[in-house]
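First the structure, in the form of structure tokens, and then the observations on it.
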Amino acid sequence: MRPIAFGCTRFSRIVGTHWRTGWLAMLAMLALGSAPGAIAAEQKFKDWTVACNPLEGKGAGEVCQMSQAVVDKKEGKAALVMIISREPKRKQPVLEIIVPLGVLLPPGLTVRIDGSKASMRVPFMVCANGCSAVGPLSDDVANRFKRGQTLQISFRGGQRAEITREVFLSGFTAAYAAISQKR
């Protein structure tokens, strides 16, 4: 099996062929300080994958994340990764959407549910192996995701052309419940 990546060989080497586990474990260990060598056990909820990693320190709990990757079928590369994380000390989960490098940063990205006109803007925070848009996920927005079928996530490419990717919400409710109860 060929690794899915953002077209970056370094990213491919870091996460290998089991890129979801590697990506989630790498995020948890680096960004949230989990114990080195901890391996996430994955659960599948239709279109979503849930993984939890222990945090460093006795009684620190664990960080749980649900994720979905959108693959560009023409290129065989990840076109977008959406991650929702919960950790014990935060009241709200964190929404992170990662897109390939080369996007226009100031407008951030826009999230719509089932093609509605109402949208949520999420600012880009950092670009490394991809560009991450990060923000809190309120209960209201999570509940709207639970009732929806598809998210349309739009951002601007380097040539200012709008790029829209779809994230399917099948299994969202069960995956969200799984990360919520493991807090």
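Which shape class, rounded, prolate or oblate, goes with segment 103-175 when its Cα gyration tensor gives a ≥ b ≥ c as root eigenvalues, a/c under 1.5 marks rounded, and past that a/b bigger than b/c marks prolate? Prolate shape, in that a/c is at least 1.5 and a/b is the bigger ratio. Counting heavy atoms of the protein chains alone, S170 has an accessible area of about 50 Å² for a 1.4 Å probe. Computed from the Cβ-Cβ distance with R0 of 41 Å, the FRET efficiency linking M125 to K58 stands at 0.85. Go ahead and collect, in residue order, the members of segment 87-122 whose backbone nitrogen is under 19 Å from a label point 7 Å along the Cα-Cβ direction of K74. Residues 99-104 fall inside that zone.
Calculated accessible area for segment 42-167 comes out at 51 Å² per residue, all protein chains present (probe 1.4 Å; ligands, DNA, RNA ignored).
Electrostatic tally near M82: other residues with Cβ closer than 11 Å to its Cβ, Lys and Arg +1, Asp and Glu -1, net -2. Under the criterion of Cα pairs below 8 Å and six or more residues apart, the relative contact order for segment 100-183 equals 29 percent. Of the accessible area of segment 114-183, computed with a 1.4 Å probe over protein heavy atoms only, carbon and sulfur atoms account for 49 percent. Using C-alpha pairs below 8 Å separated by at least 6 residues, the relative contact order for segment 44-90 is 31 percent. Shape class of segment 52-183 from the alpha-carbon gyration tensor: prolate, with a/c at 1.5 or above and a/b greater than b/c. Taking θ as phi - 60° and the Karplus parameters 6.51, -1.76 and 1.60, the scalar couplings of segment 137-142 work out to 10, 6, 4, 4, 5, 4 Hz in sequence order, x denoting glycine and proline.
The values are calculated or read from the model by the stated rules, or taken from the named source; none is laboratory data. Just so we're clear, the structure is a prediction, and the values are computed from it rather than from any experiment. Because the Cβ atoms are built from the backbone with ideal geometry, glycine has one as well, and the counts that use them run over all protein chains shown. For the accessible areas, the whole protein counts, side chains as well, though only heavy atoms, and no ligand, DNA or RNA atoms are used. Shrake-Rupley method; radii C 1.70, N 1.55, O 1.52, S 1.80 Å.
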